[in-house]
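Structure record follows, encoded as structure tokens.
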Amino acid sequence: EVQLVESGGGLVQPGRSLKLSCVASGFTFNNYWMTWIRQAPGKGLEWVASITNTGGSTYYPDSVKGRFTISRDNAKSTLYLQMNSLRSEDTATYYCTRPLYSGYIDYWGQGVMVTVSS
Amino acid sequence: QIMLTQQAESLWISPGERVSITCRASQSLLYTDGKHYLSWYQQRPGQTTKALIYHASVRTDGVPTRFIGSGSGTEFTLSIEHVQPEDFAIYYCLQTLKSPWTFGGGTKLELK
């Protein structure tokens, strides 16, 4: 059974940093790209970052580029999201997800809440 | 970036009815491989987000046949026939044709 379990969320002040983790199980982690998706309270979904299966390439939307870094440790089957210079608009639930080459996301984690507030 | 518009924020229906949720893209989602890179997702409280449809019309494994995806180019529809109580949820469309990937704003199915 595929499982994606996020951790590392919490309350952080504006301008500070936070690192999220996602432990994957139930599949061969290093065969798959991985993606972070977020959802602000009561709002829709937003793509945050993607990484290739080797970690050799990463992709971000303009809203987080230069502030967020996605990475992975294939030996630990773990995905990360380093978030720097956090803003109030980064407040959201962050989901670890597994996209497929056929262009859709087949598995989502339960999500971890990040609140940016003074 | 490609914008996806789900016109209806909410739809009120009764169990057993048929409902259609639309998603309009600001440009065609057809790739050179002949497939549309449009997928549909269901969000229910307390559950992980579930993929329902990909390539506009292909059901993912285990999704009931009452969920039907259709459309092409820029206009797409998720239809649910004979809505069941567990179908009252929020539905999102997603395009993965071009970066940045973008979602529609979501449509909430509510009990009439």
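Bear in mind these aren't lab numbers, they're just calculated from the coordinates by the rules spelled out. Since the model is a prediction, treat every value here as computed from it, not as a measurement. Note that each Cβ is placed from the backbone with ideal geometry, even for glycine, and that neighbours are counted across all protein chains shown.
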Within the stretch B:56-88, the count of residues that are within 15 Å of B:Trp12 (Cβ to Cβ) and either buried (at least 18 other Cβ atoms within 10 Å of the Cβ) or of a type in the set (S, T, N, Q) (or both) comes to 3
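Please count how many residues of the stretch B:60-102 are basic (Lys, Arg) and either closer than 22 Å to B:Ala8 by Cβ or more than 14 Å from chain A (Cβ to nearest Cβ) (or both).
Going residue by residue through the stretch B:60-102, those that are basic (Lys, Arg) are B:66, B:98.
Okay, now just the ones that are also either closer than 22 Å to B:Ala8 by Cβ or more than 14 Å from chain A (Cβ to nearest Cβ) (or both), so B:66.
Residues meeting the conditions: 1.
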Output for the stretch A:94-118, where each listed residue is part of a strand (DSSP E or B) and in contact with a Pro (Cβ under 8 Å, 6 or more places away or on another chain): A:Ile105, A:Asp106, A:Val116
A:Leu86 meets each of (1) free of Cβ contacts under 8 Å to residues at least 60 places away in the same chain; (2) surrounded by 20 or more Cβ atoms within 10 Å (Cβ to Cβ); (3) in a loop (DSSP other than H, G, I, E, B) with one exception, condition (1)
Starting from residues that are of a type in the set (A, V, I, L, M, F, W, C) and surrounded by 14 or more Cβ atoms within 10 Å (Cβ to Cβ), keep the ones in the stretch B:89-112 and report whichever is nearest to A:Thr35 (Cα to Cα). B:Trp101
Against the conditions (1) over 10 Å from the mean Cα position of the chain (by Cα); (2) within 14 Å of another protein chain (Cβ to nearest Cβ); (3) over 20 Å from B:Gln95 (Cα atoms); (4) in contact (Cβ under 8 Å) with a residue 24 or more places away in the chain, where does A:Trp33 fall short? Just the number, please. (3)
Restricting attention to the stretch A:40-54, report how many residues are surrounded by fewer than 21 Cβ atoms within 10 Å (Cβ to Cβ) and under 14 Å from the mean Cα position of the chain (by Cα). 3
